[in-house]
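Visitor: One structure, pasted below without further comment.
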Amino acid sequence: MLVSATTHFPEQARPSMRSYSIDLLPEIEREKMWQRHPGGVPQIDRLFAQARTFADSYDDLNFTAQDLARITARAPIVQGDRDPFYPLQIS
């Protein structure tokens, strides 16, 4: 299952991607991060820093229609009809 599937990172998503940090997560999600990452703060900081770099990369997903047509596996795509970052048209 794909959730908020996108072929590229649209401009409206990039400002939020640049500011992505663990501080934005609800407390319960932060606790899960601490549990899943034994490297602690340095490991989590690196993960979020890596995610932020996608905001300024235009070498992101860039799938062409031909690339996508080669996928033969059936998979449901869940997309919000009011998603401000990844509009339905992208899916």
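Read-outs throughout are calculated quantities, based only on the coordinates presented, and are distinct from any laboratory measurement. Computed from a prediction, not measured in an experiment: that's the story for all the values here. No Cβ is skipped: glycine too gets one built from the backbone with ideal geometry, and neighbour counts run over all protein chains shown.
Visitor: Hey, any idea what Rg/Rh is for the chain, computing Rh the Kirkwood way over Cα pairs?
Guide: Using Cα coordinates only, the ratio equals 1.02.
Visitor: Give me Ile28, Ile44, Ile22 sorted ascending by neighbouring Cβ count inside 10 Å, so fewest comes first.
Guide: Least crowded to most crowded, the residues run Ile28, Ile22, Ile44.
Visitor: Indicate the gyration tensor shape class of region 1-49 (rounded, prolate or oblate), computed on the Cα atoms with a ≥ b ≥ c the square roots of the eigenvalues: a/c under 1.5 is rounded; otherwise a/b larger than b/c is prolate and the rest oblate.
Guide: Here region 1-49 falls in the prolate category.
Visitor: Another question about this same structure. For the chain, which span is the longest to avoid every loop-located (per DSSP) member of trypsin sites (Lys or Arg not before Pro) having at most 12 other Cβ atoms inside 10 Å?
Guide: 1-69
Visitor: Something else about it: Output the relative contact order of the chain, whole-number percent, from Cα pairs under 8 angstrom with separation of 6+ residues.
Guide: 55 percent
Visitor: Here's another thing I want to ask about it. How tilted is helix 40-53 with respect to the longest principal axis of the chain? Cα atoms for both, answer in degrees (0 to 90, nearest 10).
Guide: Between the helix axis and the principal axis of the chain, the angle is about 30 degrees.
Visitor: Here is a follow-up. Could you work out [θ]222 nm for the chain from helices alone, using -39500 (n - 2.57) per DSSP H run of at least four and dividing by all its residues? Round to the nearest 500 deg cm²/dmol.
Guide: Helices in the chain give a 222 nm mean residue ellipticity of -10500 deg cm²/dmol.
Visitor: For the chain, find the longest principal axis of its Cα atoms and tell me its angle to the long axis of helix 27-36, 0 to 90°, nearest 10.
Guide: Roughly 90 degrees, rounded to the nearest 10.
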